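Student: Questions regarding the structure given below will be posed in turn.
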Amino acid sequence: MNRFLDRPILALLTSHWLSMLGSGLVTTAAISWLLVLPLQMRGHVENPYMGILLFVALPILFVAGLLLIPVGVLLDRRRVRRGVAAAQDRPAVMRRVATFLAITTIANVIIASQLTYRAVEHMETAQFCGQTCHVMAPELASYQNSPHSRVACVSCHVAPGASGWFAAKAAGVRQLSAVALNNHPRPIASAIESGMLVPDSETCERCHWPQGSGSVKFSVIPNFGDDEANTATQTVLMMMVGGSKAARGIHGAHFGPGVSVRYAALDPKRQTIPWVEYTNAESNDRRTYVSADVKADQLAAAPRFQMQCVDCHNRPTHRFELPERAVNRAMATGDLSPGLPFLKKQAVELLRKEYASADEAGRRIPEALTAFYETKYPQVAGTQRKAVTDAGKQLAAIYQRNVFPDLKVTWGTYVNNLGHTDSPGCFRCHDDAHVAANQATIKQDCASCHELLAVEESTPEILKTLGLAGKIAQLQKR
Ligand code: HEC
Ligand code: HEC
Ligand code: HEC
Ligand code: HEC
Ligand code: HEC
């Protein structure tokens, strides 16, 4: 064919500086990869940057090298053509080069596909998502403390299939550059707000069968008073979860057979919902509810959404607590000793104070709690020293998993829509003030959502009747 093929492979690979660079990159990446791999395989790599190096940076170098080699060869070929006129047929050389190219390509494809496969796998772990990127520290902390702590981040954040993967990676690159340039928002927007959530038919509903969940759910919510004795009370609710045709309940009312609910929101966090449309294909009902105080032009401009699981369960895994609730829970489980006078009041006050950093909170909260007992209750400080120091540590831990001063994430930054006591939640629509043409409203009838069996009672009658009086409290302890 030409002079160009007349040369040994090594000469070919080294004939142009680009090919040379390419070969260099390929070998270096491959060798370093082989060197780091055993570490990762032994599973002792805690440092997430190692993962990035191994499954992202090295493969990129490797592929870049692969691309450079043929570019160099091609450029070199042009040079040879221009310079040297005569061309000879060299079938043997051609065969050799073809075999070389075939073999190396196959080998490279295998290596590269293995690398990418592992890279994808790696990028789907909670380690990669939550730890590599420090801005996600709050989400990782809340996730580890939730019923989904065994579910991969991507199960909820990435749609299955190639397009979902690419969309997520594109967003990931955008986010990564925002982090690198340090211009990411603080706090980062909730996923609903930034439109980063995948439709629930591709996430939640792959694991949960909405029509199948229990018809009622018995909830016992602990509470402790602000008094010296931290007086314990309990709220007992029977939640009408429902879902089936027989038990319509909460789930059935919004997405039972034939039911569809759409709504419009005025703000990105979807806290102000002025328009709700209910349709039922089975009964041919259609009702449109509008709140009286909304202006027509505002409503026309508001985006519309189909109601989904996450419109109620927006915090199924990133459950940030409020100080009162976190302290109530810790006192119920015994992590905080209810025997310490005024602990509830002190604890909530200390948690609500501002600290410059997680470290500072970790130091100052235990110090302040100890100081309180030493000055106000010296006897308690003496006899219950361990309970006081343990309580200090527990409070610091509660603070550190909910408040992230450097990211401007504080109490209540991310609201929970499942309920109505800590944020509007259900009452965004169920406020008796969204009115349909026939004057019907979306009701706030307490009993349609839950049977209130006891509200902050010290020994709820219902628990006695069920023979559970002391047992629930016992169960809540570890
Ligand atoms: C069970 C489903 C689920 C899993 C698993 C999950 N998330 Fe989320 N995540 C959500 C939902 C739902 C939201 C939206 C909350 C909202 O908008 O109110 C969210 C929001 C976020 C946000 C935006 C900030 C915020 O708090 O709203 C980040 C960042 C995030 N998740 C990261 C992660 C990381 C990292 C992991 C794995 C360690 C993970 N998520 C696992 C469901 C999940
Ligand atoms: C990969 C599977 C998977 C996905 C995806 C998933 N979940 Fe779950 N979810 C689970 C498992 C497993 C549990 C039960 C945990 C347990 O009981 O220990 C659970 C528990 C729950 C619970 C009950 C929590 C409680 O307090 O008892 C709710 C509510 C829930 N999920 C909602 C959601 C929502 C909303 C989504 C979508 C954003 C979702 N889940 C996505 C597997 C999944
Ligand atoms: C209208 C609001 C709303 C919507 C929409 C909604 N849920 Fe629920 N769901 C609730 C409430 C309220 C509970 C009871 C929570 C509790 O008491 O802890 C609940 C309970 C659950 C439970 C726990 C059931 C049990 O018996 O422990 C699961 C699982 C669940 N929902 C999954 C889903 C999934 C999946 C979707 C979407 C297909 C969904 N939910 C949509 C309000 C909703
Ligand atoms: C986006 C608006 C919206 C939100 C948010 C919402 N709902 Fe609803 N809800 C509706 C609509 C619309 C209906 C049906 C009204 C009708 O029948 O015309 C409904 C009906 C119900 C019903 C049936 C009432 C009855 O009398 O039959 C229950 C129960 C219910 N919702 C519970 C909840 C709970 C619990 C939450 C919060 C976790 C919640 N809803 C949040 C819009 C909403
Ligand atoms: C649209 C449905 C809905 C209506 C109407 C409703 N609630 Fe609730 N309520 C909820 C949900 C959901 C929760 C949260 C349950 C959970 O966190 O597990 C809740 C929780 C509560 C709690 C427990 C708060 C706590 O300490 O955690 C009380 C008390 C309560 N509701 C009282 C009422 C009263 C009183 C009314 C009538 C004015 C009412 N609710 C109407 C859905 C509703």
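The values are calculated or read from the model by the stated rules, or taken from the named source; none is laboratory data. The model shown is predicted, which means the values in this text are computed figures rather than measured ones. Heads up, the Cβs are rebuilt from the backbone with ideal geometry, glycines too, and the neighbour counts pull from every protein chain shown. Calculation scope for accessible area: heavy atoms of the full protein, side chains included, ligands and nucleic acids excluded. Shrake-Rupley method; radii C 1.70, N 1.55, O 1.52, S 1.80 Å.
Student: With θ taken as phi - 60° and the coefficients 6.51, -1.76 and 1.60, list the Karplus ³J(HN,Hα) couplings across region 427-442 in order, rounded to whole Hz; mark glycine and proline as x.
Tutor: For region 427-442, the Karplus-derived couplings read 6, 4, 10, 7, 10, 6, 10, 8, 10, 9, 4, 8, 6, 5, 10, 7 Hz, x marking Gly and Pro.
Student: Given points 7 Å out from each Cα along the Cα-Cβ axis, report the GLU461 to GLU374 separation in nanometres with one decimal.
Tutor: Roughly 5.0 nm, to one decimal.
Student: Next question. Amide H of HIS434 versus every other amide H placed in the peptide plane: which residues, excluding those fewer than 5 positions away on the same chain, fall under 5 Å?
Tutor: The answer is ILE442.
Student: OK, next. Between ALA387, THR459, GLY425, whose Cα lies farthest towards the positive end of the dipole of region 374-478 when Lys and Arg beta carbons carry +1 and Asp and Glu beta carbons carry -1, centred on the Cα centre?
Tutor: After comparing all options, I get ALA387.
Student: Is there a pair in LYS376/LYS471; LYS217/LYS408; LYS345/LYS386; LYS269/LYS353 whose C-alpha atoms are over 29 Å apart, and which pairs would that be?
Tutor: As for pairs spanning more than 29 Å Cα to Cα, those are LYS376/LYS471; LYS217/LYS408.
Student: Provide the FRET efficiency to the nearest 0.05 for the THR28-ARG150 pair, computing r from the beta carbons and using R0 = 41 Å.
Tutor: Between THR28 and ARG150 the formula returns 0.60.
Student: Need the full-extension length gain, VAL56 to VAL415, defined as separation in residues times 0.36 nm minus the C-alpha distance. One decimal, nm.
Tutor: Answer, rounded to one decimal: 125.8 nm.
Student: Which value, in Å², gives the accessible area per residue of region 323-407 when a 1.4 Å probe is used on the protein heavy atoms? Provide the component values of the computation, followed by the final result.
Tutor: Numbers: 4010 Å² over 85 residues.
Spelled out: the 1.4 Å probe surface of region 323-407, per residue, equals 47 Å².
Student: A further question on this structure: Given the options PRO405, THR333, ALA347, identify the residue whose Cα lies farthest towards the positive end of the charge dipole of region 323-407 (+1 on Cβ of Lys, Arg; -1 on Cβ of Asp, Glu).
Tutor: The listed residue farthest towards the positive side: THR333.
Student: Sticking with the crude label model, points 7 Å out along Cα→Cβ, report the distance from LYS386 to ARG262 in nm, one decimal please.
Tutor: For LYS386 paired with ARG262, the spin-label model returns 6.3 nm.
Student: Still on this structure: Exactly which GluC sites (Glu not before Pro) in region 260-356 are in a DSSP loop and have at most 13 other Cβ atoms within 10 Å?
Tutor: Answer in residue order: GLU282, GLU354.
Student: So what's the net charge close to ASP227: Lys and Arg +1, Asp and Glu -1, counting the other residues with Cβ under 15 Å from its Cβ?
Tutor: -2
Student: Another question about this same structure. Show the residues, 5+ positions off or on another chain, whose built amide H is closer than 5 Å to the amide H of VAL455.
Tutor: VAL236
Student: Determine the sum of side-chain charges near ALA433: Lys and Arg each +1, Asp and Glu each -1, restricted to other residues whose C-beta is under 13 angstrom from that of ALA433.
Tutor: Taking every other residue near ALA433 into account, the sum is -1.
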